[in-house]
Amino acid sequence: MSDASEGTGGLTFDKSKRSWPNELNVFGALILIIVAFEILGAIFMQQSLLFDTRDRFDSIFNEARLRIIIIQVAIIGIIAIGVTQVIITAGIDLSSGSVVGATAMIAMSFAQVATVNGAANPKAIFGEWALDLPWIIPVFVGLGCGFIAGFINGVLVAYARIPPFIATLGMMLFARGVAQWWSLGNPVSFPTEGYAKIGAGMMPVIIFLSLAVLFHFIMNYTVYGKHTYAIGSNEQAARMSGINVPRHLVLVYVIAGMLAGLAAVILTSKNLTAQSGMGLSYELEAIAMAVIGGVSLFGGRGSIIGTVIGALIIGVITSGFTFLRLGAFYQEMVLGMIIVGAVALDQWQQQRAAARA
Amino acid sequence: MSDASEGTGGLTFDKSKRSWPNELNVFGALILIIVAFEILGAIFMQQSLLFDTRDRFDSIFNEARLRIIIIQVAIIGIIAIGVTQVIITAGIDLSSGSVVGATAMIAMSFAQVATVNGAANPKAIFGEWALDLPWIIPVFVGLGCGFIAGFINGVLVAYARIPPFIATLGMMLFARGVAQWWSLGNPVSFPTEGYAKIGAGMMPVIIFLSLAVLFHFIMNYTVYGKHTYAIGSNEQAARMSGINVPRHLVLVYVIAGMLAGLAAVILTSKNLTAQSGMGLSYELEAIAMAVIGGVSLFGGRGSIIGTVIGALIIGVITSGFTFLRLGAFYQEMVLGMIIVGAVALDQWQQQRAAARA
Amino acid sequence: EMQIGVSVARFDDNGLTVMRNGMTAFDDASDDVSLQMEDATDDVAKQLDQINNFIASGVDAIIVNAVDTNATEAMSNAAAAAGVPLVYVNRQPINMDTLPDGQAFVASNEIESGTLAAFQMCRQLRAEGKSGGARVYVLVGQLSNQAAVQRTKDFHDVIGMDMCNFITIIDEQTANWSRDEANDLMTNWLSSGDEFDAVFGNNDEMALGAIQAMKAAGISMDDVVVGGVDATSDALLAMSVGDMDVTVFQDLAGQGAGSIQTAMALANGEEVDKTVFIPFKLVTPENLADFQ
Amino acid sequence: MSDIILETKGLTKHYGGVHALEDADFVLRHGEHVAIMGDNGAGKSTFVRQITGVEQRTRGTVLFDQQEVNFSGPLDAREAGIETVFQTLALADDLNVPDNLFLGREKTKFDWLGPFRLLDYKGMRDDTLAGLVKTGVKIPNIKNTIANMSGGQRQCVAIARTATFASKLTIMDEPTAALGVQETEQVENIVRTLKEQGESLILVSHNMRQVFDLVDRIIVFRRGRIVANLNKEDTDGQDVVAYITGAKTGAEYEGAA
Amino acid sequence: MSDIILETKGLTKHYGGVHALEDADFVLRHGEHVAIMGDNGAGKSTFVRQITGVEQRTRGTVLFDQQEVNFSGPLDAREAGIETVFQTLALADDLNVPDNLFLGREKTKFDWLGPFRLLDYKGMRDDTLAGLVKTGVKIPNIKNTIANMSGGQRQCVAIARTATFASKLTIMDEPTAALGVQETEQVENIVRTLKEQGESLILVSHNMRQVFDLVDRIIVFRRGRIVANLNKEDTDGQDVVAYITGAKTGAEYEGAA
Ligand SMILES: Nc1ncnc2c1ncn2[C@@H]1O[C@H](COP(=O)(O)OP(=O)(O)OP(=O)(O)O)[C@@H](O)[C@H]1O
Ligand SMILES: Nc1ncnc2c1ncn2[C@@H]1O[C@H](COP(=O)(O)OP(=O)(O)OP(=O)(O)O)[C@@H](O)[C@H]1O
Ligand SMILES: [Mg+2]
Ligand SMILES: [Mg+2]
């Protein structure tokens, strides 16, 4: 029995016909979208989306475009890594966007410089003591805010047994309130140089991809990952099998919260300002990335790799629209259609694979 | 066997100890919130939220306040009736807010008067032929828009098997694009007198409550209702039992879409204008009403009555805040806490009831 | 033909729509320029990304209607690094003093709008003999929005002046720029039965919502001073029938067209003033005819 | 030929690399009761799912009532006259007993109201109680949701559902697995009644005594293939076990597994 | 007294108006194997759920190993040394076989990493194959998710899980209901091994032959109450059925039901 290592015999099992990973479908959708933009670009613009047709760069690629495609989704992508984990537990996190807003205001208040253009910083929130601090302090403040928000979410979901949708909706409203109250709606600006480096250039991308690799590993090779999938698959069974479900859920929400906090730090550093409206509807985009990437909202299924590809799809679409000079009024319409189309393609592939077998 | 009508014997069954309906818990939360506001009002404002302390009305109630509590939630409440049905099928409808926006613009374009203040209507979208039409035409246009949006949602969910979150997210983006593109972002104003009556005074409330009664009846006493619950409870089982699940889902989404369309008609009539930003985040409020009212996001459980009480809770909170003159910055924070608190109370009651038995 | 990328803070904002319309009209009339407009949906980060997308597409110039005027430094840096001219329109960038070469600003001064409206309301209340004490409700726009914060602050500053300190604010709440929310909020206020003399809305839409609520409650609009900002056509109509008393007009269409001209000049390498200033104008029933 | 109600030819189902069902040739005559036996994972339920259209087969043909059929779902199968008790029971957890019993074919009033026609609650409750009595199960409160029922109670609800509606062919996949002594007896009586009424039946079961009590013929599955087709008279328990375990293989199936 | 491993006094559970379990007094000695029988819905699984802390009892006390215990969940029960095969199996549908087998007590490496300690996939796979062989079940690909397993395969996974870990008391709720002839035999062998090792066992079963083969003592439930406590030697199948159906009631339980 040559296939003994895969089971205890019985039926014929043809190893070569293993079901192909879901991520491949999503990747296929990404390629398809890129090809579509290239074709439309060649027809209507006589230009290429990804390739350098004007000899502006040393390589054959339009490097500026490649960079912006991923830069513009890196920050929400970081949030999506956390949201993916929450969704895999069959939960949802509607608060991440607002947590970004609140954290942005609070963290930035500890990242301000003392003097702007020779004069005292006009936007300073606190006194002297909070100015010109080393960059690590606002970073820790940001992570701390995310931790607290995630912890509260987790406790509400796991111990008070409030449905995640409502618990995080409450946190969404609360955090948005905090963001606006913090400086009474006024923006917080002028960060120190050290802080400004965190989100400069390709840093957001580097952080995003490192975190993606780290959490891909954690979700697949550690107890944490296994229990996350188990809870989402059947919470009752996970409980009966002796997993400490509430404690684990709190940990998942804390990680999601801290990733949102980190995203806020990078966001403010990249934009050199914090504004209470920051992060608005990021939660939806993060969830969209995850779901386009094949994460099931009913829990138990999905992967970080899928989410990263989902983020890239959104990045390509965003840049592709500007590339094609699509009118802003049509952009949202077409974006809606493409998101639906990408998922439809994935569904169709899965069904075909199941039927073909 | 005196309890024969309830079962086929076996264990002792104590009829008097029937589990109490979930709606009672939600109602309890409503009362609790009112009492809290009355106490705070008595302490800080020397006034009452619901009672007439200044002798302005004939009855003992502050009738103006009672009216606004329900008027301000009536329109979103109408949407929530549809959203409740969608959620009971284990779906979700994120598009309702945007559908309101798009429908508002389109329907209002057919409700404009020819002359404003003696001059030609400066906002007219179409030519002569579309001016001074009878009110029934824009109403049908509005319902028609809702029908189309709901139908597309339903087909995507039921036949293309796209997760409802994504299908309706796509529709949300699409409809928002349509709303902005329709008149390129310009508001559409100056409706005919007939149209203006639809949303005037207490009309929105009357429509809301009539629809609530109608759909309460439908959900409890018709095949439609039963199948809606069955699909949400176990779609696979519903399919195996021979329910035509896809056709039924399309019907549910169509109803939700048409209710959103109707809400848009009432909204524009009430405000005498249509703006592309209308309806923004109504979907979240509608979902919140349903979930506060005890509808389970995992499907199969919930009721229209619960949703109506959920709507009232939000109405009382909104009015209560203005009554207490709570600072705008704190309102969102407190709203977040109250929503979570109301659901927590409900959870706690249910658990206590289960334990006490 | 010159390619210009435009990033507008919000497409569904009524005032900014007038500005956009001004730009589109200019584009339609001119063969030398082709606009590509993007909606930043009130998201600072998205706006910065849009600018980078424009740069990646190789546009000749960029026009920015900033979501948050505090976030302009990063945008200036990005455009300067790529050598693409940049024009800010309508909202004054925070780095005005240090704008790099090839960048300019076309707008009105936002502080004027709230101040003009508030001061006119104060004068009118005085004229009606209410200098012994007048009570006001304030409808605030979206709390995360700069203009809302600024206009509300302007109102506070005006009633802090000796001449207007007879005015007290009963309550100020947000109605998120929306007529519907303002209507409900006003009705809520009315249900308390408190006396009041004036209502100030951060924009006309909210002022109109308040008017509808008061009329529904049978309050005579002669007894209440209502002020707004934007001078939208709905507001002008309301003023012509005596419902509305004060609003403020800014030549947004003019700003839109001006920004394109400035951007074209910069792209052609011409010398341009760092600021092009287009003032606000107060609108009252007296000068209403000039704006209709 | 005209007395054949169901026939499959080369029916095959692969799940990815798993060959769950291979080349099943099967014949069932009008009024005949046949048992399907076999190890766990031998492909019995898979066979049932292919016939009833729950899944789409990899290849092969199914003839029902002399017609080639391609059911797109269990609804089609039911409309053609096949009633099935699935191993997974197919009950809606949040609905109560009568709702589940009549799911998909509710008793209604005012049928001209289309999907909004009214439910005849009273009629359904009475029929439910009658149906449950047939299975002998005791359920203290039929208004409780199925989620709150014991394993055996659920199974009886599923069986009552099938037994309440007449059909040309009844398929039961391990119907008595979770049932107590009395309930099993009752369900066996239901099967005997079907026999008297001349309805055909396919019974999947692991219970040797039950099979020999109830059916005319026994089909044995092993590793996804049919390995024996035995008339009850020509065989006994030990013989059947030999086929199940692989100690023996039917002459006509040599080389199959 | 010291040879008693589990004792319940007046154990009672009401679900709303349904009195699913009333005043159950029960004693189990070290190394003893006891069967629980009774009609569907008699309260057997309810009894199991109260002991293992899956639900909170309405009243009554449970003593395990001479200590009064109040398990807040099955995790507590397992840590105290009670391994259970629940009737609902408690498997995670989206995970594969080894993942389910080791759910909640994975084999790991680098344990100092806390919740992020690494999984020992290879070790778990090998142990899984060994555990499955004990139950005799055939599963072509253990990397398939549980959702794709046949009814019997699922049950065997749940049993293998229990059998893989040593305990003071094993509880099995209808473990062989969905199993084939061979697999049932294997599971019965597992139970016999437990007996030899001196581990205590509570077996819920409807299978009279199995019960008489395996256990020392039979407890009969009827309508939520214990109605008989019979030593195997003093009784036979017909006698037990009489207690189950209510034709007889144990002397010490008169007036109970
Ligand atoms: N959806 C699926 N995907 C992959 N494999 C499957 C799927 N469904 C069933 N299988 C496999 O097919 C084989 C046959 O399963 P089936 O349910 O037909 O067995 P069975 O004979 O009914 O067994 P039991 O007596 O345990 O119910 C099993 O090995 C099972 O793991
Ligand atoms: N959560 C619950 N809510 C209400 N009633 C319940 C609940 N759980 C079980 N019951 C009822 O309690 C009774 C006992 O159920 P239990 O599961 O203990 O039966 P059982 O003896 O294990 O039966 P079976 O042999 O069918 O598994 C049944 O009538 C059942 O309907
Ligand atoms: Mg089976
Ligand atoms: Mg049981």
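Miscellaneous remarks
- Along the axis of the charge dipole computed for segment D:82-236 (Cβ charges of +1 for Lys and Arg, -1 for Asp and Glu, origin at the Cα centre), the listed residues D:L169, D:S205, D:T184 are led at the positive end by D:L169.
- Protein-only accessible surface at a 1.4 angstrom probe places the residues C:K130, E:K9 in the order E:K9, C:K130, largest first.
- Across identical copies of the chain, A:L214 has label-point separations of 5.5 nm, listed in ascending order, with the point defined 7 angstrom from Cα along Cα→Cβ.
- Folded to 0 to 90 degrees: helix C:252-267 orientation relative to chain C principal axis, Cα: 20
- A Cβ-based charge dipole, computed about the Cα centre of segment B:16-167 with Lys and Arg at +1 and Asp and Glu at -1, lands at about 400 debye.
- Dipole axis of the protein assembly as shown (+1 Lys, Arg; -1 Asp, Glu on Cβ), positive-most option in C:F277, E:T88, B:I69: E:T88
- By the Cα gyration tensor, segment E:4-245 has an equivalent ellipsoid whose semi-axes, rounded to whole angstrom, run 30, 21, 16 from largest to smallest.
- Translational D in µm²/s for the protein assembly as shown (Stokes-Einstein at 37 °C, 0.692 mPa s, Kirkwood Rh from C-alpha pairs): 93
- Dipole size of segment D:4-245 about its Cα centre, with +1 on Lys/Arg Cβ and -1 on Asp/Glu Cβ: approximately 460 debye, rounded to the nearest 20.
- The residue in chain D that lies nearest, by its beta carbon, to the axis linking chain D with chain E is given here with the distance in whole angstrom as D:A177, 2.
- Solvent exposure, largest accessible area first (probe 1.4 Å, DNA, RNA and ligands not counted), of C:S178, E:S200: C:S178, E:S200
- Each peptide among A:156-162, D:136-142, E:111-117 gets the average number of other Cβ atoms lying within 10 Å of its residues, and from highest to lowest they stand as D:136-142, A:156-162, E:111-117.
- Average beta carbon contacts from partner chains per residue of E:177-188, 10 Å cutoff: 5
- The GluC sites (Glu not before Pro) of segment C:62-153 meeting both criteria, a DSSP state outside H, G, I, E and B (loop) and at most 14 other C-beta atoms within 10 angstrom of the site's C-beta, are C:E128.
- These residues, B:Y221, B:Y253, go from largest to smallest accessible area, 1.4 Å probe, as B:Y221, B:Y253.
- To the nearest ten degrees, helix C:179-192 and the longest principal axis of the Cα atoms of chain C are 30 degrees apart.
- Considering only C:F26, D:Y15, A:L49, and ranking their Cα positions along the charge dipole of the protein assembly as shown that arises from unit charges at the beta-carbon of Lys, Arg, Asp and Glu, the one farthest toward the positive end is D:Y15.
- Fraction of accessible area attributable to carbon and sulfur, segment A:62-356 (%, probe 1.4 Å): 69
- MRE, 222 nm, helices only [DSSP H, n ≥ 4, -39500 (n - 2.57), over the protein assembly as shown, to nearest 500]: -16000 deg cm²/dmol
- Shortest first, B:F140 label-point distances to identical copies amount to 7.0 nm, with the label point at 7 Å from Cα along Cα→Cβ.
- Only the Cβ atoms of Lys and Arg (+1) and of Asp and Glu (-1) were treated as charged; on that basis the dipole of the protein assembly as shown about its Cα centre amounts to roughly 2960 debye.
- The alpha-carbon atoms of chain C, seen along their principal axes, cover 60, 33, 31 angstrom, with the largest extent given first.
- E:R222 long-range amide H proximity, modeled H, under 5 Å: E:V227
- Sorted shortest first, the distances from the D:R29 label point to those of the same residue in the other copies are 5.8 nm; each point sits 7 Å from Cα along Cα-to-Cβ.
- Contact order relative to length of chain D, as percent, for alpha carbon pairs under 8 angstrom and 6 or more apart: 25
- Cysteines in the protein assembly as shown that lack a partner Cβ within the 4.7 Å cut-off: A:C145, B:C145, D:C156, E:C156.
- Under-5 Å amide H pairs with B:Q47, H placed in peptide plane, nonlocal only: B:A42
- The long axis of helix C:110-127 is offset from the longest Cα principal axis of chain C by roughly 20 degrees.
- Helices assigned as whole DSSP H runs in chain A whose Cα atoms extend at least 18 Å along their own long axis and whose mean Kyte-Doolittle hydropathy is -0.5 or higher are found at A:22-40, A:63-88, A:96-109, A:136-158, A:164-182, A:203-221, A:245-271, A:304-324, A:328-356.
- Share of pairwise Cα separations in segment B:24-144, more than 17 Å, in percent: 74
- Considering only chain B, the C-beta nearest to the rotation axis that sends B to A is found at B:F298, 4, the distance in whole Å.
- Calculated from backbone phi, Karplus (6.51, -1.76, 1.60) coupling profile of segment C:139-150 in Hz, x at Gly/Pro: 9, 9, x, 3, 5, 8, 9, 3, 4, 5, 4, 5
- In loop segments of segment C:245-292 as defined by DSSP, the GluC sites (Glu not before Pro) with at most 14 further C-beta atoms inside 10 Å of their C-beta are C:E270, C:E271.
- Shielding by other protein chains, A:292-303, mean Cβ within 10 Å: 2
- Mean separation of Cα contacts under 8 Å (6+ apart) over length of chain C, as relative contact order %: 20
- Sequence-distant contacts, meaning Cα pairs under 8 Å at least 6 residues apart, place the relative contact order of segment A:62-356 at 34 percent.
- Relative compactness, chain A, computed as alpha-carbon Rg over 2.2 N^0.38 Å: 1.09
- Neighbouring partner chain Cβ atoms per residue of E:198-209, average, 10 Å criterion: 1
The values are calculated or read from the model by the stated rules, or taken from the named source; none is laboratory data. Small disclaimer: the values here were computed from a predicted structure and weren't measured. Virtual Cβ from ideal backbone geometry, glycine too; neighbours counted across all protein chains shown. Side chains included, ligands, DNA and RNA excluded: accessible areas come from the protein's heavy atoms. Shrake-Rupley method; radii C 1.70, N 1.55, O 1.52, S 1.80 Å.
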